[in-house]
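Novice: This structure is in structure tokens; I'll ask about it shortly.
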Amino acid sequence: MLALERVSLDLGPNQILSDINLTVSAGESVCLVGPSGCGKTSLLRLASGAVEATSGQVVNSFATTAAVFQEPRLLPWQRMLDNIALGLKARGVGRGERLARARELADRVGLADRYEHFPHELSGGMQQRVALARALAVGADFLLLDEPFSALDVGLRSEAQDLVEQLVVDQGIATLMVTHDLTEALRLAHRVVVISGSPGHVVFEHWVDTPFTERSPAWLYEEAGHLLRQPVVSESFLFHPEPEVA
Ligand SMILES: Nc1ncnc2c1ncn2[C@@H]1O[C@H](COP(=O)(O)OP(=O)(O)OP(=O)(O)O)[C@@H](O)[C@H]1O
């Protein structure tokens, strides 16, 4: 389980996050949405242990946490299988065993015919699937996903979402995912958390009770419409221009 209790974060002179209470339970998928700059990535960095809270408590009791970012961050000089096996190498797993495991994962993310390809020989969507397989290779029971599909076109994006849905539904992997896209959040989450303001704080939480199999495109748009009718949610998504200085 991940638990943030009354967490605040200052970076330099600025308070970025204020009084955040947030939990992610085993097997739970939580999506964070909110306007640009409200501190969503900073919250993931707190969850990963990359930064420390200025006050409050962050407890991550998942066995293995792994992260996937907006850009795939693959090693360009390594073939696809070696990229997937990177974390296993760092953990001292022998070459034969780690490549066997990497092959298994490449098959699972639909890249069975690309074992020997270098990253530049793969499409953006394929590279992102490699990044996901690399996170899974280390046996992660908790995935931090920072807008992992925002650079993909609509078709690839939907494919990648299917993959995350499988991880959540079939394998019970817990996820904390940042997205700008409310329909993506509604498709993949058990719970949608809206963050807003400066400093960022949780303004709304929405439990999605509809089973994953029943979340059709029509349902997603209707549900997003419902959510956006909540004033606190629509205000978060509105553009607030900086007041002009005379
Ligand atoms: N290392 C840092 N030092 C100082 N300020 C920082 C640092 N990193 C981020 N910030 C500031 O913290 C605020 C929140 O940034 P963060 O990237 O967490 O927001 P976000 O909600 O993920 O934004 P976006 O949706 O645009 O990716 C921003 O104002 C940013 O400028």
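A short reminder: the numbers here are calculations on the coordinates, not readings from a lab. These numbers were taken from a predicted model, which means no experiment stands behind them. Don't worry about glycine lacking a Cβ; one is built from the backbone with ideal geometry, like all the others, and counts go over all protein chains shown.
Novice: Is there a residue in segment 174-181 that is touching a residue at least 12 places away in the same chain (Cβ under 8 Å), surrounded by fewer than 18 Cβ atoms within 10 Å (Cβ to Cβ) and among the hydrophobic types (A, V, I, L, M, F, W, C)?
Specialist: The answer is no; no qualifying residue exists.
Novice: Now for a different question. Are any residues in segment 83-103 small (G, A, S), closer than 16 Å to V68 by Cα and part of a helix (DSSP H, G or I), and if so, which ones?
Specialist: Hit for segment 83-103 is G87, nothing else.
Novice: For L75, all conditions in the list (1) surrounded by fewer than 16 Cβ atoms within 10 Å (Cβ to Cβ); (2) within 16 Å of the ligand (Cβ to nearest atom); (3) under 16 Å from L132 (Cα atoms); (4) of a type outside the set (S, T, N, Q) hold save one; what is the number of the exception?
Specialist: (2)
Novice: Only one of A185, A218, A224, A151 is within 16 Å of the ligand (Cβ to nearest atom), more than 30 Å from A90 (Cβ to Cβ) and either out of contact with any Lys or Arg (no Cβ under 6 Å at 6 or more places or on another chain) or in a loop (DSSP other than H, G, I, E, B) (or both). Can you tell me which?
Specialist: A185
Novice: Still on this structure: Of all strands (runs of 3 or more DSSP E) completely enclosed by segment 1-44, which ones contain at least 1 residues that are more than 15 Å from the ligand (Cβ to nearest atom) and under 17 Å from A185 (Cα atoms)?
Specialist: 14-24, 29-33
Novice: Something else about it: Within segment 9-42, can you find the residues that are surrounded by 23 or more Cβ atoms within 10 Å (Cβ to Cβ) and more than 18 Å from S236 (Cβ to Cβ)?
Specialist: L9, V24, S29
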